[in-house]
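Have a look at the structure below before the remarks.
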Amino acid sequence: MRIPALLSSLLIAASVHAAPAESPDDLNRFLNDKGLLSQMDQVRQRVTNKASDLVVNALGFLGVPYQMGGNSVETGFDCSGFVKAMYEQTVGLILPRKAEQQAAATQHIDRTELQPGDLVFFNTLRRAFSHVGIYIGDGKFIHSPKPGAQVRVESMGVSYWSHRFDGARRVVTPSGSGNALPGGAAEPALR
């Protein structure tokens, strides 16, 4: 079950089956009595584990050479090919191929909300969302930067990247859209 759908179901269940809560403690007690708090914690833990797995997997590709249009370790990676491959291998989610399409298919978040596994976008070709990387935490991201370079970790605080920062995005499935992200990408099954 998708996280937004689970939370929506919980809220509906709480409003339909319970009298109006007099305090947040009443709602927590109700959710706990129904076993829903532990289910929400399990889902939250699975999401956290997926983000950690994604970052660990991505770090395993440090040093793979950049290749325009590349999307595998055998061919090398360009920036969006790297992101697409990491999400597909680790999370089982198929993202669109191009950086600007990945930006359009993901949810905007504030830079202060960045968590490991989120996407960071940059304007490196005088157009919005022309470069993408995966945020790994502590103000750093992993990406496949340019011809002649290799997959590497860099700080978003470096002048070059901070001046070109275009925004942060989170990979989520919108509620009410079935099992697909915008652009037709399949939603991963929670394990």
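The values are calculated or read from the model by the stated rules, or taken from the named source; none is laboratory data. No experiment lies behind these values; they were computed from the predicted model shown. Methodologically, a virtual Cβ is constructed for each residue, glycine included, from the backbone with ideal geometry; neighbour enumeration extends over all protein chains shown. The area values use the complete protein model at the heavy-atom level, side chains included, leaving out ligands, DNA and RNA. Shrake-Rupley method; radii C 1.70, N 1.55, O 1.52, S 1.80 Å.
Overview of results
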| item | result |
| --- | --- |
| V73-R164 pseudo-label distance in nm [points 7 Å out on the Cα-to-Cβ vector] | 2.7 nm |
| Relative contact order of the range 68-175, defined on C-alpha pairs under 8 angstrom at six or more residues apart (%) | 27 percent |
| Distant-in-sequence amide H partners of D166 (H built 1.01 Å from N, under 5 Å) | F121, F122, N123 |
| Accessible surface, the range 67-120, averaged per residue in Å² (probe 1.4 Å) | 45 Å² |
| Formal net charge of residues neighbouring R152 (Cβ-Cβ distance under 13 Å; K, R +1; D, E -1) | +1 |
